[in-house]
1. Filter segment 27-54 down to the residues that are of a type outside the set (S, T, N, Q) and open to solvent by less than 30 Å² (accessible area, probe 1.4 Å), then identify the one that is modelled with the highest pLDDT.
2. What residue, among those in segment 122-141 that are in a strand (DSSP E or B) and open to solvent by less than 50 Å² (accessible area, probe 1.4 Å), is modelled with the lowest pLDDT?
3. Of the residues in segment 91-115, how many are modelled with pLDDT of 85 or more, more than 9 Å from the chain's Cα centre (by Cα) and open to solvent by 20 Å² or more (accessible area, probe 1.4 Å)?
4. Which condition from (1) over 20 Å from the mean Cα position of the chain (by Cα); (2) modelled with pLDDT of 80 or more; (3) over 18 Å from Gln74 (Cα atoms) is the one that Gly12 breaks?
5. Looking at Val18, Val57, can you tell me which residue is among the aliphatic types (A, V, I, L, M), at pLDDT 70 or above, in a strand (DSSP E or B) and under 14 Å from the mean Cα position of the chain (by Cα)?
6. Taking the stated definitions as given, is Thr5 open to solvent by 70 Å² or more (accessible area, probe 1.4 Å), at pLDDT 80 or above and in contact with a strand residue (DSSP E or B) (Cβ under 9 Å, 6 or more places away or on another chain)?
7. Test Ser144 against the criterion of being over 30 Å from Leu19 (Cβ atoms), at pLDDT 70 or above and under 16 Å from the mean Cα position of the chain (by Cα), and give yes or no.
Amino acid sequence: VIAGTANDGSDGQIEKAVLWSGPNKTIQTLGLGRITDDGLNASPYVAGLSAHGTVIVGSATNNTDTYAWMWTPQDSNIRKFMPNPFYRGYSDAAGLSLDGTTIVGTVSASQDQNHLQAYAYSIPTGTLRLLGVLNNSTGASVFSYGLAINQDGSIVVGQASDGHSLDRKSTRLNSSH
């Protein structure tokens, strides 16, 4: 099972998320370059794939916004999965646990696309948990990014800053299902 992004030159040169799988190793388009919730044309990129290829996550960027998306075999198209109030602004999906239950990434914790924080999203419960920032700091240069996740979703790693230094620090962010 392989997932990625492809452009076949049709549909206005829009990139599409694709899945290569099955006994005949066929390529399946996962979204025609659009996110179902808003119909926006976007360039979707795959960031994570469950071990059996039954859940795929990534990010899609249009001219103004970036959105995290998810696809399962029950979906006819890629779709946003962020709950309100994280539906607008910036979100990405950087990884998926191999068991396909937990997505990790970064989301804007405010409507103005600032205050980026790492998150863990539980697919079975539909809940998003912000993973916080270093030293409970506040300010414009405080952030955390969720970058990778272990097999069962219990450990998230990423980068964070407490705003006192422009140096980024790698850190283990605590997560639980």
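The values are calculated or read from the model by the stated rules, or taken from the named source; none is laboratory data. This is a predicted model, so every value here is computed, not measured. Cβ sites come from the backbone with ideal geometry, for glycine too, and all protein chains shown count toward neighbours. All accessible areas refer to the heavy atoms of the entire protein, side chains included, with ligands and DNA or RNA removed. Shrake-Rupley method; radii C 1.70, N 1.55, O 1.52, S 1.80 Å.
1. Gly48
2. In this case the residue turns out to be Leu128.
3. 3
4. In the conditions (1) over 20 Å from the mean Cα position of the chain (by Cα); (2) modelled with pLDDT of 80 or more; (3) over 18 Å from Gln74 (Cα atoms), Gly12 misses (2) alone.
5. On the way: Val18 fails: under 14 Å from the mean Cα position of the chain (by Cα).
Testing whether each residue is among the aliphatic types (A, V, I, L, M), at pLDDT 70 or above, in a strand (DSSP E or B) and under 14 Å from the mean Cα position of the chain (by Cα) leaves just Val57.
6. No: the conditions fail for Thr5.
7. On the way: over 30 Å from Leu19 (Cβ atoms): yes; at pLDDT 70 or above: yes; under 16 Å from the mean Cα position of the chain (by Cα): yes.
So Ser144 fits the description; yes.
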